[in-house]
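Colleague: Handing you a structure now.
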Amino acid sequence: MADLTRLIEIIEPEANALGFDLVRVKMIASEAGDGGQALQVMAEDPATGQLVLDQCAALSRRISDRIDELEEQGTVLVEGAYHLEVSSPGIDRPLVRPKDFENWAGHEAKIALAEKIDGLRNLRGALGGLQDGKVLIEDRKAGAIAVPLDAIHSAKLVLTDELIAATRPLDTTGAEEIDEVTEEKADD
């Protein structure tokens, strides 16, 4: 088990020191196939809305160094073995912070509610922003709905052509160095 509130208090200043905004800190099942757990950290560069590989590596080093320092002092932040995964939120990003719902208004999202509201647990439709602490969404089936932020279990953007067009391009540094290789088939 991990104290996510405490982890956020430790990780957020490390992200901010590099000029990044923390998007999410979450314990998840490790994708390493070992049945373990992973400490997932998502952050973004406010200038681009993403992190490139070098930025992920820099943040990972800072977080690892800080956690190691605290553990050497006797603080246990995560019980048991775990992997640290630092990433960009991606195009079809999770919506976690109030500003995420505001910044991505007009785009399609999926929202899973912690409990049913008006008989609905899952919503999908265009985000309408945030008003009085409630997320506005034009659900495909139910129409306009206002959902309290604390009633949302999870939310993420849906990958659409409009979202792709609105997303800043990924860093293409080094793309000109990629060589395309084609194989010739050998005659039998």
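Colleague: List every residue pair whose Cβ atoms lie under 8 Å apart, where the two residues are 6 or more positions apart in sequence or sit on different chains, the first residue falls within region 11-22 and is closer than 14 Å to Val52 by Cα and at pLDDT below 95, and the second residue, located anywhere, is surrounded by fewer than 16 Cβ atoms within 10 Å (Cβ to Cβ) and hydrophobic (A, V, I, L, M, F, W, C).
Modeller: Sorted first by the residue in region 11-22, then by its partner, the list stays empty.
Colleague: Just name the residue that is most open to solvent (accessible area, probe 1.4 Å) out of those in region 1-43 that are of a type in the set (D, E, K, R) and either in a loop (DSSP other than H, G, I, E, B) or in contact with a Leu (Cβ under 6 Å, 6 or more places away or on another chain) (or both).
Modeller: First, the residues of region 1-43 that are of a type in the set (D, E, K, R): 3, 6, 9, 12, 14, 21, 24, 26, 31, 34.
Those left that are additionally either in a loop (DSSP other than H, G, I, E, B) or in contact with a Leu (Cβ under 6 Å, 6 or more places away or on another chain) (or both): 3, 12, 31, 34.
Numbers: Asp3: 87, Glu12: 75, Glu31: 158, Asp34: 93 Å².
Among those residues, the one meeting the criterion is Glu31.
Colleague: Let me ask something additional. Looking at (1) farther than 19 Å from Gly49 by Cβ; (2) aliphatic (A, V, I, L, M); (3) surrounded by 12 or more Cβ atoms within 10 Å (Cβ to Cβ), find the lone condition where Ala144 falls short.
Modeller: Of the numbered conditions (1) farther than 19 Å from Gly49 by Cβ; (2) aliphatic (A, V, I, L, M); (3) surrounded by 12 or more Cβ atoms within 10 Å (Cβ to Cβ), the odd one out for Ala144 is (3).
Colleague: Among the listed residues Ala29, Ala47, Ala38, Ala58, identify the single one that is among the small types (Gly, Ala, Ser) and within 20 Å of Glu71 (Cβ to Cβ).
Modeller: Details: Ala29 fails: within 20 Å of Glu71 (Cβ to Cβ); Ala47 fails: within 20 Å of Glu71 (Cβ to Cβ); Ala58 fails: within 20 Å of Glu71 (Cβ to Cβ).
After ruling out the rest, the residue left standing is Ala38.
Colleague: Kindly evaluate Ile67 against the criterion of being over 19 Å from Val96 (Cα atoms) and among the hydrophobic types (A, V, I, L, M, F, W, C).
Modeller: Judged against the criteria, Ile67 is a match.
Colleague: State all residues of region 138-158 that are part of a strand (DSSP E or B) and within 19 Å of the chain's Cα centre (by Cα); if no residue qualifies, say none.
Modeller: Residues of region 138-158 that are part of a strand (DSSP E or B), as a first pass: 138-139, 143-148, 152-157.
Of everything in region 138-158, those that are part of a strand (DSSP E or B) and within 19 Å of the chain's Cα centre (by Cα) turn out to be Ile152, His153, Ser154, Ala155, Lys156, Leu157.
Colleague: In addition: Can you find even one residue in region 119-137 that is open to solvent by 50 Å² or more (accessible area, probe 1.4 Å), assigned to a helix (DSSP H, G or I) and out of contact with any strand residue (DSSP E or B) (no Cβ under 7 Å at 6 or more places or on another chain)?
Modeller: No, region 119-137 contains no residue that is open to solvent by 50 Å² or more (accessible area, probe 1.4 Å), assigned to a helix (DSSP H, G or I) and out of contact with any strand residue (DSSP E or B) (no Cβ under 7 Å at 6 or more places or on another chain).
Colleague: Another question, then. Which is open to solvent by 30 Å² or more (accessible area, probe 1.4 Å), out of contact with any helix residue (DSSP H, G or I) (no Cβ under 6 Å at 6 or more places or on another chain) and under 30 Å from Gly125 (Cα atoms), of Ala57, Ala47?
Modeller: On the way: Ala57 fails: under 30 Å from Gly125 (Cα atoms).
Exactly one of Ala57, Ala47 is open to solvent by 30 Å² or more (accessible area, probe 1.4 Å), out of contact with any helix residue (DSSP H, G or I) (no Cβ under 6 Å at 6 or more places or on another chain) and under 30 Å from Gly125 (Cα atoms), namely Ala47.
Colleague: Could you grab me the full set of residues in region 66-110 that are crowded, with 17+ Cβ neighbours inside 10 Å, assigned to a helix (DSSP H, G or I) and hydrophobic (A, V, I, L, M, F, W, C)?
Modeller: Matches in region 66-110: Ile67, Phe101.
Colleague: Okay, next question. Working only within region 85-108, note down all residues that are aliphatic (A, V, I, L, M), at pLDDT 95 or above and touching a helix residue (DSSP H, G or I) at 6+ places or on another chain (Cβ under 8 Å).
Modeller: If the condition is that a residue be aliphatic (A, V, I, L, M), at pLDDT 95 or above and touching a helix residue (DSSP H, G or I) at 6+ places or on another chain (Cβ under 8 Å), then Val86, Leu95 are the ones that fit.
The values are calculated or read from the model by the stated rules, or taken from the named source; none is laboratory data. Quick caveat: nothing in here was measured; it's all calculated off a predicted structure. Cβ sites come from the backbone with ideal geometry, for glycine too, and all protein chains shown count toward neighbours. Side chains are part of the model used for accessible areas, which takes the heavy atoms of the whole protein and leaves out ligands, DNA and RNA. Shrake-Rupley method; radii C 1.70, N 1.55, O 1.52, S 1.80 Å.
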